[in-house]
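In what follows, a single structure is set out as structure tokens and then discussed.
Bear in mind these aren't lab numbers, they're just calculated from the coordinates by the rules spelled out. This is a predicted model, so every value here is computed, not measured. Glycine gets a Cβ as well: all are built from the backbone with ideal geometry, and neighbour counts include every protein chain shown.
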Amino acid sequence: MPRATLTISSRNYSSWSLRGWLLARLAGLDFDTLAVPPGDADSRKELLLLSPSILVPCLRHQGVTVWDTLAIGEYLHELFPQAGLLPTDRAARAHCRAVSGEMHSGFASMRAALPMNLKGDSPNFRVWERAQADIDRICEIWRDCLGQYGGPFLFGNTAGLADAMYAPVATRFLTYHVALDEVCGAYAMRLLALPQMVEWKQAALVEPDEIEELDMEF
């Protein structure tokens, strides 16, 4: 039977690609990664937030095609429940889905003002007021989950769906030197230190493509 495949776009810029890839790795899925060419017009539109639909990541596994990040997470949870992508407790599982869904559909101002750029470094970046409101809400979610479930990840000892959804945010906070409190700063660094995150960033740093619009200063 053919191996599973996960289609992604830029490792440096695509937060959705990172989420899907990280979920697959955390689940323990054996898969091949297929990268969309940097010059692909649809991929470029998506990275610039102009695409009407999210095109990547797209998982193909045993005749099943799943192209939405949360759907990929749920699919992988059904395949590998032992991986702990979602909590075993029903109430905690509902909470996990809620905060993951909030990341999936919200925080548009932060997305626009602080695009993911793993090669970037902007120590004097000015955060817009609306983007700061998004950052404040994200930190509220992090503190609430870490306090309620005891850490070190949002829903306990295992990095799961919610952590994968917020992992690209941790890269943004690092790139733009966003000031965080002790709890949120430690959690962000914990995400960045995951072996899978280190692997992704190393690949991103040698990625040849550049999209000038995403390197601009806001």
Checklist outcome for this item: If the chain between His177 and Leu192 were fully extended at 0.36 nm per residue, the gain over the current Cα-Cα distance would be 4.0 nm
Item to check | Stretchable slack from Ala112 to Gln82, in nm (0.36 nm times residue separation minus alpha-carbon distance) | outcome: 7.2 nm
Checklist entry - Efficiency by 1/(1 + (r/R0)^6): what FRET value for Glu102 and Gln62, r their Cβ-Cβ distance, R0 = 45 Å, to the nearest 0.05? => result 0.90
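Counting only other residues whose beta carbon sits under 14 Å from that of Val183, what net charge do I get with K and R as +1, D and E as -1?
Values: positive: Arg143, Arg190; negative: Asp136, Glu140, Asp144, Asp181, Glu182.
Net of charged neighbours comes to -3.
At 0.36 nm per residue, and after removing the present C-alpha to C-alpha distance, how many nm does the segment from Asp32 to Val206 gain when stretched out fully?
Taking 0.36 nm per residue and subtracting the Cα distance, the gain is 60.7 nm.
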Item to check | Space enclosed by the convex hull of the alpha-carbon atoms of the stretch 90-200, per residue, Å³ | outcome: 94
Item to check | the chain - convex hull of the alpha-carbon atoms, volume per residue in Å³ | outcome: 117
Checklist entry - Highest mean first, what order results for 3-14, 162-173 on Cβ atoms within 10 Å? => result 162-173, 3-14
